[in-house]
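Worksheet: one structure, shown below.
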Amino acid sequence: MKKKTNYMVYLIVFVLVIIAIAEWIGIQSIPIGPFTIGLLPLVFAVIITMILGFNIFRKGILKKVYSKQNVDFASKYLIFIMLPLMARYGADVAPKLYEIVQVGWVFIIQEIGNLGTVLFGLPIAIMLGLRGEAIGATLGIGREGELAYISEKYTLESKEGRGVLSLYIIGTLFGAIFFSIFAPILLDVGFSVEALAMASGVGSGSMMTAASSTLVARMPEMESTILAYASASQLLTSFIGTFTMVFLAAPLQQFMYKLLTRGDK
């Protein structure tokens, strides 16, 4: 128990140091042609911890920071760490509730977008040679809902389980970085900030935070609207998205899978 406690101390100190470094770097704007990409402290924190997690750097203190106990703890209790953020989402929604209700049908229609991973991702995955793995990897964006569904139906030791786990890991490592870069690009292209804020709620807390925070950095005068729309979309996706996955995405995926692989022996 003492050994595990010592490892936890290393983890807490490491997290505080990484947060301090990321906040010191601050928000950085990188112009690329006609676009301007805003990189948040969250992105730098993810990049730094990813790099330091490579085996070549896991020596001395870092070996204790990235110990199996700490890695297991972080993955197991991530949902509890996100709960205060979920409460903050609810607080952001309340002041803009009337405005959100006025366009409520748009929030519901956007749930159809959850089928995009099946409609576009599944054919590409099969074309690349994936089979059972494609089922797990394209059911959704590989967050907790898809992970739970696949693990219950196929188990995580199956090909489908490996597919959803792979996507979960990739989304955790690169999702926030991608969204923080992609959102401002779409803003420069001409998409309205309300639409992008609404689209930020894809079912992942870190991805939503990265996208909405980048939008706020670009348009601080609309902070309350952006956070309210993003939070409402996130909450709705977490609720309705589960039913969309079970009753629409999964049957559609099975139909398309059989259709696309019927020539296989």
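The values are calculated or read from the model by the stated rules, or taken from the named source; none is laboratory data. Keep in mind that what you see is a predicted model, and the values were worked out from it rather than measured. For neighbour counting, all protein chains shown are included, and Cβ atoms are generated from backbone atoms with ideal geometry for every residue, glycine included.
Within segment 11-22, residues that are within 13 Å of Val71 (Cα to Cα) have Cβ atoms under 7 Å from residues that are not hydrophobic (A, V, I, L, M, F, W, C) in these pairs: Leu11/Asn70, counting only partners at least 6 apart in sequence or on another chain. Looking across segment 183-203, just one residue is assigned to a helix (DSSP H, G or I) and either under 13 Å from the mean Cα position of the chain (by Cα) or under 18 Å from Gly142 (Cα atoms) (or both), and that is Ala199. Only one entry of Ala211, Ala217 meets the criterion of being under 12 Å from the mean Cα position of the chain (by Cα), modelled with pLDDT of 80 or more, assigned to a helix (DSSP H, G or I) and of a type in the set (Gly, Ala, Ser), and that entry is Ala211. Residues of segment 138-151 that are touching a Ser or Thr at 6+ places or on another chain (Cβ under 6 Å) and modelled with pLDDT of 80 or more: Thr138, Gly140.
Right, Ile170: of a type outside the set (Phe, Trp, Tyr), more than 18 Å from the chain's Cα centre (by Cα) and either part of a helix (DSSP H, G or I) or at pLDDT 85 or above (or both) or not? Judged against the criteria, Ile170 is not a match. The criterion of being on the phi < 0 side of the Ramachandran plot, assigned to a helix (DSSP H, G or I) and more than 19 Å from the chain's Cα centre (by Cα) does not hold for Ala137. When segment 237-254 is filtered for residues that are modelled with pLDDT of 75 or more, under 17 Å from the mean Cα position of the chain (by Cα) and under 16 Å from Ile109 (Cβ atoms), only Thr237 remains.
Looking at Ile56, Ile109, Ile124 in this structure, which one is exposed (fewer than 11 other Cβ atoms within 10 Å of the Cβ), assigned to a helix (DSSP H, G or I) and modelled with pLDDT of 85 or more? One residue alone meets the criteria, Ile56.
Every residue in segment 132-148 that is touching a Lys or Arg at 6+ places or on another chain (Cβ under 7 Å) and charged (D, E, K, R), please. Answer for segment 132-148, where residues must be touching a Lys or Arg at 6+ places or on another chain (Cβ under 7 Å) and charged (D, E, K, R): just Glu133. Considering each residue of segment 177-199 in turn, none proves to be modelled with pLDDT under 80, among the aromatic types (Phe, Trp, Tyr) and crowded, with 17+ Cβ neighbours inside 10 Å.
Just one of (1) assigned to a helix (DSSP H, G or I); (2) more than 28 Å from Pro41 (Cβ to Cβ); (3) touching a residue at least 24 places away in the same chain (Cβ under 8 Å) fails for Ser206. It is (2).
Checking every residue in segment 191-204 against the condition of being farther than 30 Å from Ile51 by Cβ and not hydrophobic (A, V, I, L, M, F, W, C) gives at least one match.
Return the residue satisfying two criteria in turn: it lies in segment 139-180 and is β-branched (Val, Ile, Thr) and in contact (Cβ under 8 Å) with a residue 60 or more places away in the chain, and of such residues it is farthest from Leu128 (Cα to Cα). The qualifying residue farthest from Leu128 (Cα to Cα) is Ile177. Going residue by residue through segment 66-88, is there one that turns out to be under 15 Å from Leu235 (Cα atoms) and at pLDDT 75 or above? Among the residues of segment 66-88, not one is under 15 Å from Leu235 (Cα atoms) and at pLDDT 75 or above, which makes the answer no.
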